């Protein structure tokens, strides 16, 4: 219990630091939300009046304090450019990003574990060498390019999906998940390639350890040595990576959403940044940071479950 | 019961093939304890691993015959070999600290051979495993059953290894330097435990060590190896008191040092 309390406290401190930092950074770069809000009707007087109304003339820390106080009360503010409550904007975008990231995570595991184990089991074989080369190529391709490639190959040539034909989960959940199939694959591929490489080398080095010989001496087959003895040990370094990859994928989904035309968190984040729509940006940052922190906490717990030598206390 | 004839082991992992064991012969009868002595690199561990069917590297060539219950363990298929491993032939190793799987519970590891070779139910396996842990003189076997290797000392882990190797009542126990990594006082206890197991269960033991005094305490018959060859072969007393080979004499001459160390330690 004390452990959980400590973890939650750390999370709060981290969130505070992240939001404050983003807030300050945002006020240091040039740009003014008021000009984009007023557009062609912007006169110096009007702009000044609006600035005064939004409280943009107050010192930065006062503004931050006001934002933080509102946030703690559950009020994320009103978007400058859309003139609607930020919470409403986020609420239907969040499930899109979370679903896509989780699908990418599942992809990564489904690809990485069997392929990594196979490559390790047949170390030095033809298939292993092919996997290594393909891995290198995939790792070198950034997700957005993989996204474009996938759109071209599966969308334009094979016509397996309609590029830009996003269906909202509120309209048809099945089609929604179907549309996310390829975007999540694009996010997952480079991470899966890294996970394969890591798992392969981890399994190979575990196979040289003494306990493997003990397992053979009891009459285990190669298969059961691999699955019942080695896999759990070999997963220990991989789990750390999977956790980091999941956090990365949450952030990486922003770009992929652009490529595939998916209206998720990433999209509103990008438009709000260019509009200097502070309340929206802050809310999205808080969402992403919270997701990353929660993922890290889950990884810590799983770590303790897999490796008895590490106690969570 | 087990007869090894003309065992030769050759490596190919360097430029020139390298033979590590030449014309190794050994017969092990029921209930017998045979010692295999020699310095490191003399080929004793290689011979033991070959008998346990644990040498399967591609860069290695094995010649000869290891006959056990009418089967030649050197050239039978893997499946047949696995039926013997852990079931008829148990093995314990030098490094108790690393020979157990660090992420699996002791109980799981002790009863593994039962899971692989018998149809016993989960409850029966647990009962047998706890009995076995008790037999190797571990206190609170129920608690040890639920523990992980890192929670046990080296001596306790070696007892766990013995329990795991003995759970199917094998006919042969191969002990590859089981006491080398342990404190002197623990060494004596492990040797006494092996002796008791041998008397109670009539398990034949192949005891590999470079410590002639331990071998003399435990074994009836001793083989001395050097540079891949068996240089001397006879009863323990004969070899201990009337060594023929210069090399054996040297090994015996090395013992007093160990004895002095024991006195100082205790």
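Checking the structure you have, find out if any residue of segment B:53-73 is facing chain A (nearest Cβ under 8 Å), in a loop (DSSP other than H, G, I, E, B), without any contact (Cβ under 8 Å) to a residue 24 or more places away in the chain and touching a helix residue (DSSP H, G or I) at 6+ places or on another chain (Cβ under 7 Å).
no
Within the group A:165, A:174, which residue is touching a helix residue (DSSP H, G or I) at 6+ places or on another chain (Cβ under 7 Å) and away from every other protein chain (no Cβ under 13 Å)?
Checking each option against the conditions leaves just A:165.
List the helices (runs of 4 or more DSSP H) inside segment A:198-313, counting only whole elements, that have at least 2 residues being over 30 Å from residue A:34 (Cα atoms) and more than 14 Å from chain B (Cβ to nearest Cβ). First the steps, then the outcome.
Values: elements: A:210-217, A:231-260, A:265-275, A:278-306.
Fully inside segment A:198-313 and qualifying: A:231-260, A:278-306.
Looking at B:171, B:202, B:195, which is the one that is touching a residue at least 60 places away in the same chain (Cβ under 8 Å) and surrounded by 20 or more Cβ atoms within 10 Å (Cβ to Cβ)?
Details: B:202 fails: surrounded by 20 or more Cβ atoms within 10 Å (Cβ to Cβ); B:195 fails: surrounded by 20 or more Cβ atoms within 10 Å (Cβ to Cβ).
None of the other options fit; the residue is B:171.
Mind listing whichever residues of segment B:147-176 are within 12 Å of another protein chain (Cβ to nearest Cβ), within 15 Å of residue B:113 (Cα to Cα) and in a loop (DSSP other than H, G, I, E, B)?
Across segment B:147-176, the qualifying residues are B:167, B:168, B:170.
So that you can scan it fast, the table gives a plain yes or no per residue for (1) within 22 Å of residue B:37 (Cβ to Cβ); (2) within 14 Å of chain A (Cβ to nearest Cβ); (3) part of a helix (DSSP H, G or I):
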site: B:128; (1), (2), (3): no, no, yes
site: B:133; (1), (2), (3): no, no, yes
site: B:187; (1), (2), (3): yes, no, yes
site: B:194; (1), (2), (3): yes, no, yes
site: B:197; (1), (2), (3): yes, no, yes
site: B:200; (1), (2), (3): no, no, yes
site: B:205; (1), (2), (3): yes, no, no
site: B:217; (1), (2), (3): yes, no, yes
site: B:222; (1), (2), (3): yes, no, no
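Taken together, the values in this text are just the output of simple stated rules run on the coordinates, not laboratory data. Not measured: the values here are computed from a predicted model. Every residue, glycine as well, gets a Cβ built from its backbone with ideal geometry; the counts of neighbours run over all protein chains shown.
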